[in-house]
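The values are calculated or read from the model by the stated rules, or taken from the named source; none is laboratory data. Fair warning: this is a prediction, and the values are worked out from it, not measured in the lab. Cβ placement follows ideal geometry from the backbone for every residue including glycine, while neighbour counts extend to all protein chains displayed.
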Amino acid sequence: RVLEYTTRLPEVVLWQRDAKAYRTGPWNGRWFNGVPEASTYAHDFPLHVTASTSEVTYGYTARPGAPLTRVVVSDAGVVRRLVWDASTSTWKTFFQGPRDVCDAYGKCGAFGLCDASAASSAFCGCLQGFSPASPPAWYMRETSDGCRRNVPLNCSGNGTATDGFVLVRGVKLPDTQNASVDTSISTEECRARCSANCSCLAYASAEIREGGGGGSGCIIWTGDVVDLRYVDRGQDLYLRLAESELGTKQMAVITIFVPRFSVH
């Protein structure tokens, strides 16, 4: 399985037998959210996805004079966007996925955030309001157990809540397996819908505007936030937290667990 169509959000997913190995992130109207490299060649061959219950296709429209391009998947489980270089008569790789440690599916577990530019080998951190589910495992760099919420949400059955949202900037959006999408509403309406739904744990715009700023449509996550990482030209994710966890700036931070120990 390569191009998948779940909750009306197509994305490229590579599987290793029955387990997900890599995903590009959902289609955001211009490119796959976790493949920012696409913005560098979208002018020469604009990308497009056709998705319905009976068809999912991914292609491009070549501008006059644009080079040839193709997408290939190797038997090693690597997907590449290749572009023909007429001057050397060779195919050049414009994009490759997975590209680094953070592209490994679910590297940091639920509510974890991966940062490939981290100075140390501790690529994983917990989102604001969360702590490692298994601190000893995190110390040993076993981060797949992810993070757990510090303070329970306060949301009643009638939809009233004191919870708020913290902004997580510039990320590949989480796996959409536990998400729903509505492209007909605004981001402001999306926030209101998420606030009124006690099962909603996070939301984001479904599509981005020209230039990458803002957006429209609505993606709502009702399950664990999984496979989250920083990417260039990434999108904004709004994560639901208890009021006491929001702080004053309401900006997302990474919490790196560093155990304290002494030598006797």
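The table for this structure:
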{"quantity": "In segment 82-108, the residues that are more than 28 Å from Arg141 (Cα to Cα) and at pLDDT 90 or above", "calculated": "Leu82, Val83, Trp84, Asp85, Ala86, Ser87, Thr88, Ser89, Thr90, Trp91, Lys92, Thr93"}
{"quantity": "Segment 133-145, subset over 18 Å from Asp224 (Cα atoms) and not small (Gly, Ala, Ser), residue farthest from the chain's Cα centre (by Cα)", "calculated": "Pro136"}
{"quantity": "Checking Leu127 against (1) aliphatic (A, V, I, L, M); (2) buried (at least 21 other Cβ atoms within 10 Å of the Cβ); (3) more than 17 Å from the chain's Cα centre (by Cα), the condition it does not meet", "calculated": "(3)"}
{"quantity": "Selected residue (criterion: surrounded by the fewest Cβ atoms within 10 Å (Cβ to Cβ)) from residues of segment 75-108 that are in a loop (DSSP other than H, G, I, E, B) and charged (D, E, K, R)", "calculated": "Asp75"}
{"quantity": "Close pairs (7 angstrom Cβ cut-off, 6 or more residues apart or separate chains): in the same structural domain as Gly29 (by TED's automatic domain parsing) and in a loop (DSSP other than H, G, I, E, B) in segment 47-68, of a type in the set (A, V, I, L, M, F, W, C) and surrounded by fewer than 13 Cβ atoms within 10 Å (Cβ to Cβ) anywhere", "calculated": "Pro67/Ala86"}
{"quantity": "Test result for Gly129, in contact with a helix residue (DSSP H, G or I) (Cβ under 6 Å, 6 or more places away or on another chain), touching a residue at least 12 places away in the same chain (Cβ under 8 Å) and closer than 30 Å to Ala192 by Cβ", "calculated": "yes"}
{"quantity": "Cross-chain or 6+ apart pairs with Cβ under 6 Å, segment 218-230 first and under 20 Å from Gly29 (Cβ atoms) and crowded, with 24+ Cβ neighbours inside 10 Å, then at pLDDT 95 or above and among the small types (Gly, Ala, Ser)", "calculated": "Ile219/Ala204; Trp221/Ala202"}
{"quantity": "Lone qualifier among Arg99, Arg148 - being among the basic types (Lys, Arg), within 23 Å of the chain's Cα centre (by Cα) and within 27 Å of Ser244 (Cβ to Cβ)", "calculated": "Arg148"}
{"quantity": "Yes/no for Thr61 being surrounded by fewer than 16 Cβ atoms within 10 Å (Cβ to Cβ) and more than 29 Å from Gly106 (Cα to Cα)", "calculated": "yes"}
{"quantity": "Among residues of segment 21-46, those that are outside any loop (DSSP other than H, G, I, E, B) and either surrounded by fewer than 18 Cβ atoms within 10 Å (Cβ to Cβ) or not assigned by TED's automatic domain parsing to the domain that holds Asp85 (or both), counted", "calculated": "3"}
